[in-house]
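Below: the structure, in structure tokens.
The values are calculated or read from the model by the stated rules, or taken from the named source; none is laboratory data. Just so it is clear, the model here is predicted, and its values are computed rather than measured. Note: ideal-geometry Cβ built from the backbone for every residue, glycine included; neighbour counts use all protein chains shown.
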Amino acid sequence: MRKSALFLAAVITASALTGCTETSEHISVPKLSHMSSESESEAPVSSDTSHSTDTSDSSGAAASSDTKSSSTSESTSSTLNASSSSSVKSSSSKTASSTKKLPEKSSSKVYTSFEPELKDGVPEGETLTVPSGSMLEIDGDFRVEGTLDCSEGGLVVVKDGGRLQLDGNAVLNGCMRIDEGGEVCGDGVLKLVNNFDDIDCKGGFTAKIDPPAPIEKNGVTYVGGILLVNKQYALPKKYGSGLDPELQAAVEEMRKASGFTMRISSGFRSYTEQEWWYNYWCSVDGEEIASTYSALPGHSEHQTGLAADITRSELDYADTPEGKWLAAHSWEYGLIIRYPQDKVDKTGYIYEPWHVRYLGKSTAKLVHDSGLCLEEFLGVCEESE
Ligand SMILES: [Zn+2]
């Protein structure tokens, strides 16, 4: 934090900035368009291995997912295009994981140089505002003990070798990009005003993010553009029509990279399918036990089209080479293990080492780096609130 890390150039093309623009990566947009058929269900996985949970899930669900996925892609094509472009970009960056910064950018935005008076950081009690249309570049140590305020239309870039030590606050109305080799750390809090797509993270991020409050659109809940479904938040009965193409692409990319089968054993599940499965598992285990592994209709993440069960829905999948690979690397492909072993009290579901949720690479990385489950990350844990 001693050396000044700010660099303001003249006019910089920020095609680099991904999230900033209208491209809301995965979730936000597609969801709305998805609303057509009914779906939703949670993968029934019994805690005990006695019943073949997967089978139940996968059988009906898997088949349906495949079929429906196509329809999904079509219906959401326009929106998805935007999102897919971003994901593509992120994927390319991932593959060429080094200096690839911002590959393509459909909407390249131009930022002008920004010459802050405070070159070494923001002292306590002070506020540094990055105006709209301006870009603040950090490529050394930059410590914020006061407030860093990025206006809407503004951009903060933490470059390779740059470190934003956030001990105070940052308010992100605009966008932030953390390049590989860049880092945002500290005990402070970044208040995210809009969407997670406004952060394009390929570097390290260990500071806390304070996301916006949940909002509801057409009966669907979003937090910072992330569609949220759990025991508390449900989907409308008619929501969903198939697997999201971005999820499918992510799994495919993962499959190739890993060399494992990585079969989607259960993908999209409609509301009515989930209803069937939930009732079935209740008949087998009773409602109390069934609810720990099977979601009520409307509450299954599988209805979003953004979740999938990989290969085999059994606990010992976690001990297989493929299961271990999935746990270690899925986030690199934009997927998180949605129901971690140590978060049962937060998610409400048993450990499901096979169930992944697509978030896009940047957000999946943020969640992974945080060590939090999605409920914690999005600030919607009932306990913590
Ligand atoms: Zn599942």
message: Pull out all pairs, ordered by first then second residue, where Cβ-Cβ is under 8 Å, the residues are six or more apart or on different chains, the first lies in the stretch 263-282 and is free of Cβ contacts under 8 Å to residues at least 24 places away in the same chain, and the second is within 13 Å of the ligand (Cβ to nearest atom).
response: Cys282/Ser294
query: Considering only residues of the stretch 284-305 that are touching a Ser or Thr at 6+ places or on another chain (Cβ under 8 Å) and closer than 21 Å to Arg255 by Cβ, which is farthest from the ligand (Cβ to nearest atom)?
result: Gly305
- prompt: Would you pick out the residues in the stretch 348-367 that are more than 12 Å from the ligand (Cβ to nearest atom) and crowded, with 20+ Cβ neighbours inside 10 Å?
  reply: Tyr358, Leu359, Gly360, Lys361, Ser362, Thr363, Ala364, Lys365, Leu366, Val367
Scan of the stretch 134-150 for residues that are in contact with a strand residue (DSSP E or B) (Cβ under 6 Å, 6 or more places away or on another chain) and more than 17 Å from Asp179 (Cβ to Cβ), ordered by number: Ser134, Arg143, Val144, Gly146, Thr147, Leu148, Asp149
message: Tell me whether the stretch 179-193 contains one or more residues that are within 19 Å of Gly371 (Cα to Cα) and of a type in the set (Asp, Glu).
response: yes
task: At least 3 residues that are touching a helix residue (DSSP H, G or I) at 6+ places or on another chain (Cβ under 7 Å) in each: list the strands (runs of 3 or more DSSP E) lying fully within the stretch 128-221 that qualify.
output: 199-201
- prompt: Among (1) within 20 Å of Leu227 (Cβ to Cβ); (2) without any contact (Cβ under 8 Å) to a residue 12 or more places away in the chain, which single condition is Gly371 missing?
  reply: (1)
query: Which condition number does Thr272 fail, the rest of (1) over 19 Å from Lys361 (Cα atoms); (2) touching a helix residue (DSSP H, G or I) at 6+ places or on another chain (Cβ under 9 Å) being met?
result: (2)
All positions within the stretch 325-347 that are within 16 Å of the ligand (Cβ to nearest atom) and among the small types (Gly, Ala, Ser): Ala327, Ser330
- request: Test each condition in (1) in a helix (DSSP H, G or I); (2) modelled with pLDDT under 95 for Thr292 and report the one that comes out false.
  value: (1)
- prompt: Does Ala308 satisfy the criteria of being within 14 Å of the ligand (Cβ to nearest atom), among the small types (Gly, Ala, Ser) and either assigned by TED's automatic domain parsing to the domain that holds Arg269 or within 15 Å of Leu228 (Cα to Cα) (or both)?
  reply: yes
field: Qualifying residue in the stretch 256-264 (condition: closer than 28 Å to Asp345 by Cβ, in the same structural domain as Asp369 (by TED's automatic domain parsing) and either at pLDDT below 95 or more than 14 Å from the ligand (Cβ to nearest atom) (or both))
entry: no
query: Taking only pairs six or more apart or across chains, which ones have beta-carbon atoms under 6 Å, a first residue in the stretch 218-230 that is within 16 Å of Cys373 (Cβ to Cβ), and a second residue that is assigned to a strand (DSSP E or B) and β-branched (Val, Ile, Thr)?
result: Leu228/Thr221
